[in-house]
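No lab work stands behind these numbers, since they all come straight from the coordinates. These figures come from a predicted structure and were not determined experimentally. In this analysis, Cβ positions are derived from the backbone assuming ideal geometry, glycine residues included, and neighbour counts consider all displayed protein chains.
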Amino acid sequence: MIPGWGKVSVAAKYAGVSPRTLEDWLKNGMLPYSQLPTGTRLIKFEWIDQALEKFIVQPKENPVKRIVDDVLKEFQANG
């Protein structure tokens, strides 16, 4: 994680998405931001990490691998 803040373009690059996608995240409330009196929006890099962590996908068990592992264990036990 990079400490600090970034403008929309920098924050989008950090997140690995387009600025348009990041703008959508700001608009729909997925990602908080601060807005300066000049209108500049700043996003804390920590907030990006927190927002993306909500979408972590856990790997699913591969049934074929499980079957192969079971068969191999059986061969080793009887070998």
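Could you list, in sequence order, the residues of segment 15-39 that are exposed (fewer than 15 other Cβ atoms within 10 Å of the Cβ) and in contact with a strand residue (DSSP E or B) (Cβ under 6 Å, 6 or more places away or on another chain)?
S34, Q35
Scan V10, V71, V57 and give me the residue that is surrounded by fewer than 15 Cβ atoms within 10 Å (Cβ to Cβ) and part of a helix (DSSP H, G or I). I'd like the intermediate steps shown before the answer.
Details: V10 fails: surrounded by fewer than 15 Cβ atoms within 10 Å (Cβ to Cβ); V57 fails: part of a helix (DSSP H, G or I).
When all the criteria are applied, what remains is V71.
State the number of residues belonging to segment 8-24 that are β-branched (V, I, T) and more than 14 Å from the chain's Cα centre (by Cα). Even if it seems obvious, please write down each step before you answer.
So in segment 8-24, the residues β-branched (V, I, T) come out as 8, 10, 17, 21.
With more than 14 Å from the chain's Cα centre (by Cα) added as a condition, the list becomes 8, 10.
Total meeting the criteria: 2.
Looking only at segment 25-45, which residues are over 23 Å from P3 (Cβ atoms) and under 18 Å from the mean Cα position of the chain (by Cα)?
N28, G29
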